[in-house]
Structures are given as structure tokens and as C-alpha cells.
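Single-structure report; data block below.
Coordinate-derived values only; no laboratory data. It should be emphasised that the depicted structure is a prediction, and the values quoted were computed from it without experimental measurement. Counting neighbours? That spans all protein chains shown, and the Cβs are built from the backbone with ideal geometry, glycine included.
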Amino acid sequence: MHVAREKKRLNLATKFNFLTIGVILVTAVGISIFLIRAQISHSYRNLLNHGMSVAAMMSQNSEYGIYTEDKDAIRQIVKSLAVDADVAYVCLYKNKRKLICESFQSEIKTPSLHHYKKSYRSLQMLHEEFVNKKDGLRYIDIVAPVASAIDSDSPEILGDDNGTTRQKIIGYVQLGLTKDGLRKRIRQIIVSTGYFTIICVVVGIAVTLFLTRRITLPIRDLNIATQKISEGILEQHIRITSHDEIADLAQAFNHMLGRLRDYRNQAEERTGQLVLANQKMALEIAERKRVERALEQKTKELSRSNSELEQFAYIVSHDLQEPLRKVMAFGDRLLDKCGETMSSEGKEYIVRMQNASQRMKTLITDLLVFSRLRTKAQPLPRLISPR
């Protein structure tokens, strides 16, 4: 048995939900990505600013230690940075010679100062990222010059042209920043933003479903009403509590239903009248057929009567008139030939016989006239008046 499968279709509410939820998802994901990127950029700048601040502080605090090459004083300054989780290593140089280098994380190879593309022989702090080959992680390397104010004509003296400030680079502070804290903060940002996004999406979906239901419920009622109308069910009324175009549509729909009910009632009334008229006509037709059958029967009986009357008239005209004519003829001859010899009483008898024969002839003639009148066709009376 072949069963036709109806093509699945999406109703209006589902399409509206898909559209709105898609817009919510795209908007939420876009905003989340923008916020995450902004927070990552902000956190990176904060880390870099923190590192440059620490390097600048180290540059100022280690000027005397580098100048005197006091490693104990330098080591105390370096150890003070051990509590900073963002600092991976610290190296101090006097000119190009490394005085001390302390690493707070294992498996970190300190890059040399020569890998900077820009000249590091300036008062400007430099920073670059590099990838540590041992652990494959990226670190931020910051180089801050250590300058000392002197009065000298050395070519390494840096300052302005009028000679108000003269500084000489006596060493460098190389500071390495790890991105572990940055990665943790990024994960926290992603998690918190994800939770916030999920909450916003869930709330948006709930609001969308609620509003979609409020919007499409009257349309669904109209659809159900339309299906019932197609089945011939007109006793219904659509109630819409909103005050928008759908309410206007429902009002027009209810007005149309009222007019359809009136048309149906009129059609049913007309149909009832036609049924009664048909029934009455059927009764009249049956009565007319019965009368016609009765008339046919009477016509047959009249035909038989006419035949009998014709036979009777034939008998009377041939069998009765002929002897009567002979009686009358013989009576006339008796009077003519024997009238002189007959007695008066005999004549009286013959005259009385002839008179009786004349009366008999008159009766026979009247009977023939009456039979002709009975056998003449007569118009039938109209029993049923046409409508």
C-alpha cells in the first residue's frame, strides 16, 4: 500500500523564531568576540605598561649598583621582583657586559640585546615578543636603558643641544614578562563573557518565543477558523485582545463569518421551501396520475358502453324497425283493400295498431338520437389548475 508522504513545512512561528534567534545568536557572538578582543587588547596593554613601569623602576633603582658593579645590591633589587608573577626573568647589563641574570621560570633562554631591529642605544625603552624554543610559549622582552647624569664630552652622552641635560647610558635592564597571567585572565574573560552571552541568548530566546506566541496565536486561530470554514463549520467567533492589524483582520473575518451564516440560513430556508414545493408537486403528480388512471378506466368502460349502444342501435334499427314498418305497411294495405268489407270495430283495431306502431317508431327514433348523444366525444373537466 502506497502512503503519500506530505512535504514537511515550517509554520510562520517557527520561521520567525529561527530568524529572531539567528539574529540574537549572531549579535551575541559578534558582541562577545568584540568584547573579548577588546579585553584581551586591554589586558595586553596593562601587562606591557606594568612591565615597562617595572623596567623603568629597575632602571632608576639599579643605576648605582650598575655603576659600581655591586652585585649584592643588584641581586637584592632583582629578588624583590620574585613576588611579581608576571616577571619571568631579569637581566642587568653594564654597557654590553652582563652583570647578573635571574630567571624565575625554568627552561627560559634569555634573548640577546642584538635581536632588536631598532637601536637599543637610546633612552627609549624597547619591547618585542619572542617565542621560547624550549616550551614554545611567547614572552615579552623589555629593554630599559640605565642612564647616569654626567658632565663630560663623551660621544655616548645623550641630551639636548643647549646642554641643559646630559645623560650617559651606563647599562641596561632586560625584563621578561610571561603571558601566563594574561592567558588566565583571557580564559576568565572568555568564560565570563560566554556565561553572560549564554544568559543573554537564553533570555532573548525566551522573550522571542513569548512574543512570537503572542503575535502568531491570533494568526493560528485564524488558520484553525479557516479550516473549520472549509469543513462547513460557521458557528464560531474569533476573539483578539490586541489592538493592531491582526485585530482588524480578525474583526473583518468575524464580519465575513456573520455574512456567510446569513447566506447559509437563507440558502437553507430556500432549500426547505423547494423541498416542500417538490413534495407538494409530487403529491399533486401522484393524484393526477391516479385521476388519469381512473379516467382511463372510465374511458374504457365508456368505450365498452358505446360499443354496446352501437350494437343496440344496430339491433333496434335493423331488427325492430323492419318488422314495425311491415306491420304499418300491412295495416295500411288492409285499410286500403279491405276497409270496405271490414266492420267498424276491425277498422278501429287497425287504426289503434297503426297509432301504437307510430308511437313505437317515435320511441325507437328517440332512442337512436339518445345513443348518438351518449357516444359523442365530450371535453374532460380540468381537475388540477396549473401553477
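Just a few scattered comments:
- 5 angstrom amide H check on Tyr172, placed H, neighbours 5+ away: Tyr93, Lys94, Asn95, Val146
- Listed by Cβ neighbour count within 10 Å, with the fewest neighbours leading, Met353, Met58 appear as Met353, Met58.
- A simple count of charges around Ser357, restricted to other residues whose Cβ falls under 12 Å of its Cβ and scoring Lys, Arg +1 and Asp, Glu -1, yields +4.
- The C-alpha atoms of the chain define a longest principal axis, and helix 321-338 lies at about 20 degrees to it.
- Percent RCO, i.e. relative contact order, over the chain, from Cα pairs under 8 Å lying at least 6 residues apart: 14 percent
- Computed E for Arg183/Val83 - FRET, C-beta separation, R0 25 angstrom, nearest 0.05: 0.80
- Dipole of the chain computed with +1 at Lys/Arg Cβ and -1 at Asp/Glu Cβ about the Cα centre; of Gly65, Phe210, Gln227, farthest Cα towards the positive end is Gln227.
- Pairwise FRET efficiency - Lys280 versus Ile364, Cβ, R0 = 56 Å, nearest 0.05: 0.55
- Charged neighbours of Ile108, selected by a Cβ distance under 13 Å, balance to 0 (K, R count +1; D, E count -1).
- Structure-based [θ]222 nm, the chain - -39500 (n - 2.57) summed over DSSP H runs of at least 4, per residue, nearest 500: -22500 deg cm²/dmol
- Ordering of 173-183, 33-43 by packing is 173-183, 33-43, highest average first (other Cβ atoms within 10 Å, averaged per residue).
- Residue pairs, from the table Lys109/Lys168; Lys96/Lys184; Lys298/Lys326; Lys79/Lys134, whose Cα atoms sit over 32 Å apart: Lys96/Lys184; Lys298/Lys326
- Near Lys134, once Lys and Arg are set to +1 and Asp and Glu to -1 for all other residues with Cβ below 14 Å from its Cβ, the sum equals +1.
- 0 to 90° range, to nearest 10: angle between helix 180-230 axis and the chain longest Cα axis: 10 degrees
- Using θ = phi - 60° and Karplus 6.51 cos²θ - 1.76 cosθ + 1.60, couplings along the stretch 98-106 (whole Hz; Gly, Pro as x): 7, 8, 8, 9, 10, 10, 8, 10, 6
- From the coordinates of this entry, Rg/Rh (Cα atoms, Kirkwood Rh) is computed, and it appears in (i) 1.90; (ii) 1.09; (iii) 1.20 under the label (i).
- Close amide H pairs (under 5 Å, H built 1.01 Å from N) link Tyr89 with Phe104, Gly176, residues at least 5 positions away or on another chain.
- Angle in degrees between helix 344-375 and the longest Cα principal axis of the chain, rounded to the nearest 10: 10 degrees
- No Cys partner within the rule (Cβ under 4.7 Å), the chain: Cys200, Cys338
- With each label modelled as a point 7 angstrom along the Cα→C-beta vector, the Ser343-Lys326 pair spans 2.8 nm.
- For the stretch 286-292, 3J(HN,Hα) per residue [Karplus equation, 6.51 cos²θ - 1.76 cosθ + 1.60, θ = phi - 60°, Hz, x = Gly/Pro]: 5, 5, 5, 5, 4, 5, 4
- Dividing the mean sequence gap of close Cα pairs (under 8 Å, 6+ apart) by how many residues the stretch 12-192 holds gives a relative contact order of 25 percent.
- Across the stretch 259-271, rounded Karplus estimates of 3J(HN,Hα) from the backbone phi angles (6.51 cos²θ - 1.76 cosθ + 1.60, θ = phi - 60°) give 5, 5, 5, 4, 4, 5, 4, 4, 5, 5, 5, 4, 5 Hz, Gly and Pro being marked x.
- Distance from the alpha carbon centroid of the stretch 213-234 to that of the stretch 18-68 works out to 58 angstrom.
- Taking a ≥ b ≥ c as the square roots of the eigenvalues of the alpha carbon gyration tensor, the stretch 12-192 is prolate, as a/c is not under 1.5 and a/b beats b/c.
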